[in-house]
1. Taking only the alpha-carbon positions of region 81-182 and ignoring solvent, what does the Debye formula give for the base-10 log of I(q)/I(0) at q = 0.21 Å⁻¹?
2. Can you compute the charge dipole magnitude of the chain about its Cα centre, using +1 on each Lys and Arg Cβ and -1 on each Asp and Glu Cβ, nothing else charged? Give it in debye, rounded to the nearest 20.
3. Could you tell me which residue out of Ser34, Ile54, Ile164 lies farthest along the dipole of the chain toward its positive end? Charges go on the beta carbon: Lys and Arg +1, Asp and Glu -1, centred on the Cα centre.
4. Starting from the Cα of Lys111, draw a straight line to each of the lysines and keep only those under 22 Å, dropping any in the same chain fewer than 8 residues away.
5. For region 14-35, list residues with backbone N below 12 Å from a point placed 7 Å from the Cα of Val77 toward its Cβ?
6. Take each of the peptides 23-34, 129-140, 171-182, average the number of other beta-carbon atoms within 10 Å over its residues, and list them starting from the highest.
7. What helices does the chain hold that run 15 Å or longer along their axis, going by alpha-carbon atoms, with a Kyte-Doolittle average of 0.5 or more, using DSSP H for the helix calls?
8. Within region 147-185, list the residues whose amide N lies under 14 Å from a label point set 7 Å along Cα→Cβ of Arg131.
Amino acid sequence: MEGLYSVHEFVIAAHLVQPYAVAYASALSFHALSDLLPHTVFVATTRRKAEVTIEQLGLHFRFISLSPHKFFGFQTVTIEEQPVQITTPSKTLVDGLDRPDLCGGIVELAKGLYRYVQEDGGYAQLTADARQLGNRTVFKRMGYLVEVLGLGVGEWQERWRAEISPGETLLDPRYGRRGPYHSGWNLRLNVDEGQLLEWQEH
């Protein structure tokens, strides 16, 4: 198995399951929307597949099984002269707002959202991807984070409010039901504003 040691982990992922897309924390890092370097390669697929560890390479692959309607929003990138499918920056963020636990938590998503808006300058694709994903919690977290980050949102704010569900949602599902309740976005703020913005000070 000589030579395998030089193969990029995303190229290996492309051969482990079909259909597939490198996603979540792995895509967030690839698109420079996060500074985390995840030790696990996250791969979205419509199949059920057990985790794979290649011990001699120190690689671990985790497969997230999605229903077909959530499996969209890909682009093909070339890595080591091989085509690799990865979620687009906007779909990566929307996936993360759906599952913060797979992206390093809500603070990493705040960072990613800030960088995306600075680079892309718009909310149209984020909104379209969030609608297609079909989890109205995404609009709650996105709306609140954009407010906290002080990003200009304009007319999109009211559009997102019209999309949210009435029930209470945890800002970061990794933590318990604590902190104040934000009635505007139906969110339990279990991560405080200081933590969400701390990375801007460094």
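Throughout, read-outs are computed from the coordinates displayed, never taken from laboratory work. What you are looking at is a predicted structure, and each value in this text was computed from that prediction instead of being measured. Neighbour counts are summed over all protein chains in view; Cβ atoms, including those assigned to glycine, are modelled from backbone coordinates with ideal geometry.
1. -1.15
2. 880 debye
3. Ile164
4. Lys91, Lys140
5. 22-34
6. Values: 23-34: 24.2, 129-140: 20.1, 171-182: 14.2.
Taking the mean over residues of other Cβ atoms within 10 Å, the ranking is 23-34, 129-140, 171-182.
7. Numbers: long enough: 106-120 (20 Å, -0.21); 137-148 (17 Å, 0.57).
Correct list, ordered by number: 137-148.
8. 156-164, by backbone N distance to the label point.
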